[in-house]
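Report on the structure given below.
The values are calculated or read from the model by the stated rules, or taken from the named source; none is laboratory data. Computed from a predicted model, the values in this text were never measured in an experiment. With ideal geometry, Cβ positions are generated from the backbone for all residues, glycine too; neighbour counts draw on all protein chains shown. Side chains are part of the model used for accessible areas, which takes the heavy atoms of the whole protein and leaves out ligands, DNA and RNA. Shrake-Rupley method; radii C 1.70, N 1.55, O 1.52, S 1.80 Å.
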Amino acid sequence: MVHLLSELPYGKDALAPAISLETMEYHYGKHFQAYIDNLNKLIEGSPYEDMEIGEIVMKAGGAIFNNAAQAWNHDFYFQTLTPSPVEMPEILAEKLEKTFGSVQDFKSEFIKAAATVFGSGWAWLCKDKEENLSIVTTQNADNPMTQGLKPLLVIDVWEHAYYIDYRNRRAAYLEAIWNLIDWEKVSSRL
Ligand code: MN
């Protein structure tokens, strides 16, 4: 199958000023698109040709894994953002309070983890098979599904996610993007 860039649930300029139109044009329009294009080229005639991207992430290695995981991660990232966030659903807030002490403590821990990823990577909120929540960071394209975890939320901390708008100020990007998280979507993944 030929994989396509997933459509955004909002306009490319809708997340501005936190995430500018220019960042979206590069990040969604060029970086994400390149992972999809590379993946399509790499899987042609391979055993991965007819698999969904999530299945390729679980089974492939090397360049096919890297491009499939980056495609999956970017889709998950962009789908988790919204220009019109609503209050966090109670079920999620209670689970975060139980695990981290409070929603504010969860935010502090998550942002600290995301801010200290060395080099390129991702910060995740995940659920394990015993329903426990945890903050996980991964490097490069890595995805926690390969460790048996279910992703609920992800923030991209590759420099291409924030360099146009924030230059080297990753912490400022993290504070700004926190206000664009679609908590209903995160909660629905519980
Ligand atoms: Mn990215």
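Here are the numbers:
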{"quantity": "Every pair of residues 6+ apart whose Cβ atoms lie under 7 Å, when the first sits in the stretch 1-29 and is touching a residue at least 40 places away in the same chain (Cβ under 8 Å) and under 18 Å from T80 (Cβ atoms) while the second is among the polar types (S, T, N, Q) and in a loop (DSSP other than H, G, I, E, B)", "calculated": "Y10/T82; A18/N179"}
{"quantity": "Selection within the stretch 139-176 - on the phi > 0 side of the Ramachandran plot and open to solvent by less than 50 Å² (accessible area, probe 1.4 Å)", "calculated": "G148"}
{"quantity": "Yes/no for E130 being away from the ligand (no atom under 16 Å from the Cβ), modelled with pLDDT of 95 or more and open to solvent by 20 Å² or more (accessible area, probe 1.4 Å)", "calculated": "yes"}
{"quantity": "Failed condition for T80, given (1) of a type in the set (V, I, T); (2) free of Cβ contacts under 8 Å to residues at least 60 places away in the same chain; (3) within 15 Å of the ligand (Cβ to nearest atom)", "calculated": "(2)"}
{"quantity": "Extreme residue, nearest to R170 (Cα to Cα), among residues of the stretch 1-55 that are within 13 Å of the ligand (Cβ to nearest atom) and of a type in the set (S, T, N, Q)", "calculated": "T23"}
{"quantity": "Residue list for the stretch 42-66, restricted to those being closer than 19 Å to S120 by Cβ and of a type outside the set (F, W, Y)", "calculated": "V57, G61, G62, A63, I64, N66"}
